[in-house]
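Worksheet for the structure shown next.
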Amino acid sequence: MIKKGINYLIFSHFWISLGAVGLLIGNYKILKIDVNPLYLILTFFATLFGYLLQYSGNQKLNKWRPLQSIWVDENKMLILVLKWISFIISLVLALLIFDFKHVFLSVPFLLAVLFYKKKLSFLQELRTFPAIKIFLIAACWSWVCSVLPQLLSKDSSIDLVNLVFNFVFIIAITIPFDVRDLNSDSESIVTIPILFGKNKAVLLSLVLTGLLLSHFIFIQKFEYSLYFVLVMLTLIPSFFTKNEYYYLFIIDGLLVVFPIFAIW
């Protein structure tokens, strides 16, 4: 029963959507700006829609991720319903929260989500452009969790240090997923592990996390320093494991627990 519940939590993308909310709350605390509850809800459902959208089309059984593949095959109707519910809620909230400037500036990131895995006659899948996959993901997360909350706060200018923090952090915790997908990614997708090798890619992930740790030690934010020690320890198993729960529950869970350290 517990395992079935965890499967629904992670494979439906509720967990990673909670992670987006967690990172956002942490950024609100770092930036010292008021939390916007409606934007928190929008972030949850927009993340849910974006990730569920990647299930669109015919899903082939992925022998490297069999649990997820089987779950998706058995829950196609649930995925469809959740996708449209999350889209409608996101659209309504966006109309309530955003003005024209916010919508206009967000268009490139929305297009990145829509065409991340969709191929058009005049455009290949965005993720197949050499080495761009991880930077697209980091850019979208940084926009949603760092830039937009600052734009929505009338008393806040853009904190570039916070933007860089989010960008580097998302790259650091996304590299292990590319390591996991070394054998299952299409040959047309060039990722950091393909360019540098598995072990060097994981080392790069740890180095980036170490830089973030050093930054927070330098500015004497020791609660965040402790968090990035936890992140480094959590990333070490990516050297050797391909366990689906490790990636989708434990690594993604790092984002979920982030506010615990932010509000310390």
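The values are calculated or read from the model by the stated rules, or taken from the named source; none is laboratory data. Just so we're clear, the structure is a prediction, and the values are computed from it rather than from any experiment. Here the Cβ is made from the backbone with ideal geometry for all residues, glycine too, and neighbour counts use every protein chain on show.
Which one is farthest from the chain's Cα centre (by Cα), of the residues in the range 62-72 that are under 18 Å from PHE49 (Cα atoms) and not aromatic (Phe, Trp, Tyr)? The selected residue is VAL72.
Cβ-Cβ contacts under 9 Å between residues 6 or more apart (or on different chains), taken from a first residue in the range 150-162 that is at pLDDT below 90 to a second residue that is part of a loop (DSSP other than H, G, I, E, B), are listed as SER153/ILE33; SER153/ASP34; SER153/ASN36; ASP155/ILE33; ASP155/ASP34; SER156/LYS32; SER156/ILE33.
Just to be sure, is LEU42 crowded, with 18+ Cβ neighbours inside 10 Å, modelled with pLDDT of 95 or more and either closer than 14 Å to SER86 by Cβ or β-branched (Val, Ile, Thr) (or both)? So LEU42 fits the description; yes.
When the residues of the range 64-82 are filtered to those that are exposed (fewer than 14 other Cβ atoms within 10 Å of the Cβ) and of a type outside the set (A, V, I, L, M, F, W, C), the one that is farthest from PHE44 (Cα to Cα) is PRO66. The residues on offer are SER86, SER90, SER142, and the sole one that is at pLDDT 95 or above, within 27 Å of LEU206 (Cβ to Cβ), of a type in the set (Ser, Thr, Tyr) and part of a helix (DSSP H, G or I) is SER142. With the condition kept exactly as written, say whether any residue in the range 18-31 is touching a Pro at 6+ places or on another chain (Cβ under 8 Å), within 22 Å of LEU163 (Cβ to Cβ), of a type outside the set (Ser, Thr, Tyr) and assigned to a loop (DSSP other than H, G, I, E, B). No, that holds for no residue. Residues in the range 217-264 that are charged (D, E, K, R) and not in a helix (DSSP H, G or I): LYS221, LYS242. The set of residues in the range 32-52 being free of Cβ contacts under 8 Å to residues at least 12 places away in the same chain and assigned to a helix (DSSP H, G or I) consists of PRO37 alone. Could you run through the range 211-236 and say how many residues are touching a helix residue (DSSP H, G or I) at 6+ places or on another chain (Cβ under 7 Å) and crowded, with 16+ Cβ neighbours inside 10 Å? Result for the range 211-236: 11. When residues in the range 207-253 are screened for being charged (D, E, K, R) and in contact with a Phe, Trp or Tyr (Cβ under 6 Å, 6 or more places away or on another chain), 2 of them pass.
Annotation note: of LEU208, LEU226, the sole residue that is over 20 Å from the mean Cα position of the chain (by Cα) and more than 18 Å from GLY19 (Cα to Cα) is LEU226.
Taking the conditions (1) crowded, with 17+ Cβ neighbours inside 10 Å; (2) modelled with pLDDT under 95 in turn, THR47 satisfies each one other than (2). Before we move on, is ILE194 part of a helix (DSSP H, G or I) and closer than 26 Å to TYR8 by Cα? So ILE194 fails the test.
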